[in-house]
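I have placed the structure first, in the form of C-alpha cells, so that the comments after it can refer back to it.
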C-alpha cells in the first residue's frame, strides 16, 4: 500500500501515527506528494490533491484521515483506534467534532502563513487566531471528560491539532490551560508521535 502525505499536514500525521502504532511500516509505503503545484503528477493519483491518500493493495484509493485510520486499524482484525460504540458513540463523535474543528481552523491559519507575505490575509489570520483561542478554552474544560482517557482517533486528532504549534508561531495554547498541557504530555512523547513531528 502507498500512503501519500505532506510532512507538515496534521491530517496526514494522524494516519502516519496509526501506521506506526499498528506496526504497518513494512506494508505501507509513505510517499511525499507534491500538492498545491500546477500540473503535479500527484493529481493523476488523487484528483482532489488532498492528503492523506491511501492506495490499497487492490489499487483502490481512499481519502480522509478518519476513513484511512479505520481501514488501517482493522487490517489485523483487532481495531483499537476507532471511537467507542454503544451509549458513548454520540458523545465520542461530539468530542471528535470539537477536535476536528480546532484542527480545521489551524490548518487554514497554517496555509495562510505559508503564502508570500504580500498575499496573506490579515482578516483570515485574525479570525483563525481568535477561533483557536476560543476552542482551546473549550478544550481546557472538555479534557476532563471520561472519554478523553486512552489513545484513539479522537485523542489523536486533538493531539495533532495541539502539536500544530510547531508550524504556527502565534499559536500559544499552553498558557492558562494546565489541564490540557498535562493531558498532552504523555502523547507528545510517544515514539509514533515524535517520529511524525512536522518540520517547524
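The values are calculated or read from the model by the stated rules, or taken from the named source; none is laboratory data. Keep in mind that this is a model prediction, so the values were computed, not measured. Note that each Cβ is placed from the backbone with ideal geometry, even for glycine, and that neighbours are counted across all protein chains shown.
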Which numbered condition residue 169 fails, given (1) exposed (fewer than 14 other Cβ atoms within 10 Å of the Cβ); (2) part of a loop (DSSP other than H, G, I, E, B); (3) modelled with pLDDT of 95 or more: (3)
query: Does at least one position in region 121-143 carry a residue that is at pLDDT below 95 and either more than 21 Å from residue 84 (Cα to Cα) or in contact with a helix residue (DSSP H, G or I) (Cβ under 6 Å, 6 or more places away or on another chain) (or both)?
result: no
message: Cβ-Cβ distance below 6 Å, separation of 6 or more or different chains: which pairs start in region 139-154 with a residue that is in a helix (DSSP H, G or I) and end on one that is surrounded by fewer than 18 Cβ atoms within 10 Å (Cβ to Cβ)?
response: 140/179
Count of region 42-60 residues which are surrounded by 18 or more Cβ atoms within 10 Å (Cβ to Cβ) and at positive phi: 0
- request: Select, from 131, 174, the only residue that is assigned to a loop (DSSP other than H, G, I, E, B), over 16 Å from the mean Cα position of the chain (by Cα) and free of Cβ contacts under 8 Å to residues at least 60 places away in the same chain.
  value: 174
message: Could you go through region 118-129 and let me know if any residue there is closer than 22 Å to residue 8 by Cα, buried (at least 18 other Cβ atoms within 10 Å of the Cβ) and not assigned by TED's automatic domain parsing to the domain that holds residue 37.
response: yes
- prompt: Would a scan of region 179-195 turn up a residue that is surrounded by fewer than 17 Cβ atoms within 10 Å (Cβ to Cβ), in contact (Cβ under 8 Å) with a residue 12 or more places away in the chain, more than 16 Å from the chain's Cα centre (by Cα) and not in a helix (DSSP H, G or I)?
  reply: no
field: Residue among 17, 31 that is outside the structural domain of residue 163 (by TED's automatic domain parsing), touching a helix residue (DSSP H, G or I) at 6+ places or on another chain (Cβ under 6 Å), within 17 Å of residue 196 (Cα to Cα) and surrounded by 14 or more Cβ atoms within 10 Å (Cβ to Cβ)
entry: 17
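Among the listed residues 39, 23, which satisfies the condition of being exposed (fewer than 15 other Cβ atoms within 10 Å of the Cβ), farther than 22 Å from residue 114 by Cα and without any contact (Cβ under 8 Å) to a residue 40 or more places away in the chain? Break it down into steps so the answer makes sense when it comes.
Details: 39 fails: farther than 22 Å from residue 114 by Cα.
After applying the criteria, what remains is 23.
Can residue 82 be described as farther than 22 Å from residue 148 by Cα, in contact (Cβ under 8 Å) with a residue 60 or more places away in the chain and out of contact with any strand residue (DSSP E or B) (no Cβ under 8 Å at 6 or more places or on another chain)? It would help to see each step written out before you state the result.
Numbers: farther than 22 Å from residue 148 by Cα: no; in contact (Cβ under 8 Å) with a residue 60 or more places away in the chain: yes; out of contact with any strand residue (DSSP E or B) (no Cβ under 8 Å at 6 or more places or on another chain): yes.
Taking the combined requirement at face value, the residue does not satisfy it.
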